[in-house]
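The values are calculated or read from the model by the stated rules, or taken from the named source; none is laboratory data. Worth saying up front: this structure is predicted, and the values here are computed from it rather than measured. Don't worry about glycine lacking a Cβ; one is built from the backbone with ideal geometry, like all the others, and counts go over all protein chains shown.
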2 protein chains.
Amino acid sequence: MDPHIIEVPLEKSYRLINHGPTVLVSAHHNGVDDVMTAAWSCALDFTPSKLMVVLDKITATRTLIEESGTFVIQVPCAAQLKMTHFLGTHSLKEMPDKLEQAGAELFRVPGHSVPLVAGCTAWMVCRLIPEPHNHQAHDLFIGEIIGAWADSRVFRNGRWSFETSPPEYRSLHYIAGGQFYAIGESLIVPDVEA
Amino acid sequence: MDPHIIEVPLEKSYRLINHGPTVLVSAHHNGVDDVMTAAWSCALDFTPSKLMVVLDKITATRTLIEESGTFVIQVPCAAQLKMTHFLGTHSLKEMPDKLEQAGAELFRVPGHSVPLVAGCTAWMVCRLIPEPHNHQAHDLFIGEIIGAWADSRVFRNGRWSFETSPPEYRSLHYIAGGQFYAIGESLIVPDVEA
């Protein structure tokens, strides 16, 4: 595993997506890997750590998650702009070599069979919490975070350091039609009482 | 109503929060107004337009939403940094003049009794979709967006214009402990095929 990758305590893992980045969702079942992009995802609980993500019924990644009960939510960065958009606009169903064409490289962490996308800045392995109503009515999938890692060059001591790291590490925030915003300036509230 | 405020077509309203900003949640019941900050919120559907937000059981705003069935999700901006943090770290239950102390000014739009927070850059009036399991088990509230507006100085023609607007209009993205990031640079995917 890349020596820059450090483990993140589960109770602080919400901070990896608290700022609302567009994420990559990866999954694996029966020898098939897939990765898709999702803009609709956010944290759901601190302890146990949970998150949620919206996965359309037409996506191949959703099927892998329903079959395997496991998925990864990871945070892509500005260096992966084109790949992030490609993974969100092409389906494994029509393009069997989607991951190769996207230039997505996968790796595994010990103890988990689900693939992680190399070059991202944070990763959360999740166990699907089965909730048929949320899946069917809302395309909404809730996961318990069972492992979290980050690239220490841009996340350490429980905090992002976008403001002091190279701009290619910044998270991506999708709007529509191929337009993203990178995360920007750090703003600290003066005289924080809380 | 402020002449800069324009209506946003409901089918494009997801773009107001697609980039994952921290939001303000406002509600009203029986003569009581409240506003709280929420970092865990995202879009859920295009048509009909829906969004979701996580509201802790201890919050007074949640009670108003459960009683009235209506709420507003709005996007605060960098000029409202201190107010946004204050509204997320103080409760109406302990501070009856919370809104005054926060410096939050409210206004109404015709046809809706729920209050909107002045100075934000986008507003979505939502009708609560009652889902007791999601409320109780996950503190998760789903709303159908029934009205959407934005400040045309920073959102027009269905797009944010952060990159060409004054920095005080930028959206806020919370991490923890009084630290936010402002949204940053616009990144356009080259050669978009989709």
>> Can you say whether B:F155 is farther than 17 Å from A:V189 by Cβ and facing chain A (nearest Cβ under 7 Å), as far as the supplied structure shows?
In response: no
> From the residues in region B:10-32 that are in contact (Cβ under 8 Å) with a residue 60 or more places away in the chain and farther than 29 Å from B:Q101 by Cβ, which one is nearest to the other protein chains (Cβ to nearest Cβ)?
Replying inline: B:H19
> What pairs come up if the first residue lies in region B:58-77 and is over 15 Å from B:M124 (Cβ atoms) and assigned to a helix (DSSP H, G or I), the second is modelled with pLDDT of 95 or more and basic (K, R), and their beta carbons are under 7 Å apart, counting only those six or more places apart or on different chains?
Replying inline: B:A60/B:K93
>> Contact list please: Cβ distance under 6 Å, first residue in region B:146-160 and in contact (Cβ under 8 Å) with a residue 60 or more places away in the chain and among the β-branched types (V, I, T), second residue in a loop (DSSP other than H, G, I, E, B) and surrounded by fewer than 23 Cβ atoms within 10 Å (Cβ to Cβ), pairs at least six apart or on different chains.
In response: B:V154/B:S161; B:V154/B:S165
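Is it fair to say A:L81 is in a strand (DSSP E or B), within 11 Å of another protein chain (Cβ to nearest Cβ) and touching a strand residue (DSSP E or B) at 6+ places or on another chain (Cβ under 9 Å)?
On the way: in a strand (DSSP E or B): no; within 11 Å of another protein chain (Cβ to nearest Cβ): yes; touching a strand residue (DSSP E or B) at 6+ places or on another chain (Cβ under 9 Å): yes.
Spelling it out, it is not the case that A:L81 is in a strand (DSSP E or B), within 11 Å of another protein chain (Cβ to nearest Cβ) and touching a strand residue (DSSP E or B) at 6+ places or on another chain (Cβ under 9 Å).
crowded, with 20+ Cβ neighbours inside 10 Å and in a loop (DSSP other than H, G, I, E, B): does that describe B:A43?
Numbers: crowded, with 20+ Cβ neighbours inside 10 Å: yes; in a loop (DSSP other than H, G, I, E, B): no.
No.
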> Are any of the residues in region B:170-186 surrounded by fewer than 17 Cβ atoms within 10 Å (Cβ to Cβ) and more than 25 Å from B:D34 (Cβ to Cβ)?
Replying inline: yes
> Given the conditions (1) touching a residue at least 60 places away in the same chain (Cβ under 8 Å); (2) buried (at least 21 other Cβ atoms within 10 Å of the Cβ); (3) over 20 Å from A:V125 (Cα atoms), which single one is not true for A:L55?
Replying inline: (3)
>> Please verify whether A:V35 is away from chain B (no Cβ under 14 Å) and buried (at least 24 other Cβ atoms within 10 Å of the Cβ), treating the condition exactly as stated.
In response: yes
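Residue by residue, here is whether (1) farther than 18 Å from A:A60 by Cα; (2) surrounded by fewer than 23 Cβ atoms within 10 Å (Cβ to Cβ) holds:
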{"residue": "A:M95", "(1), (2)": "no, yes"}
{"residue": "A:L99", "(1), (2)": "no, yes"}
{"residue": "A:R108", "(1), (2)": "yes, yes"}
{"residue": "A:L116", "(1), (2)": "no, no"}
{"residue": "A:T121", "(1), (2)": "yes, no"}
{"residue": "A:A150", "(1), (2)": "yes, no"}
> A:D139 passes all but one of (1) more than 16 Å from A:E67 (Cα to Cα); (2) at pLDDT 95 or above; which number fails?
Replying inline: (1)
> Of the residues B:I142, B:I129, which single one is surrounded by fewer than 18 Cβ atoms within 10 Å (Cβ to Cβ), under 27 Å from A:N134 (Cβ atoms), β-branched (V, I, T) and within 12 Å of chain A (Cβ to nearest Cβ)?
Replying inline: B:I129
> Which residues, taken from region B:170-194, are under 15 Å from B:G20 (Cα atoms) and in contact (Cβ under 8 Å) with a residue 24 or more places away in the chain?
Replying inline: B:R170, B:S171, B:L172, B:H173, B:Y174, B:F180, B:A182, B:I183, B:S186
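For B:P21, are the conditions met, namely being of a type outside the set (K, R), crowded, with 19+ Cβ neighbours inside 10 Å and not in a helix (DSSP H, G or I)?
So B:P21 passes the test.
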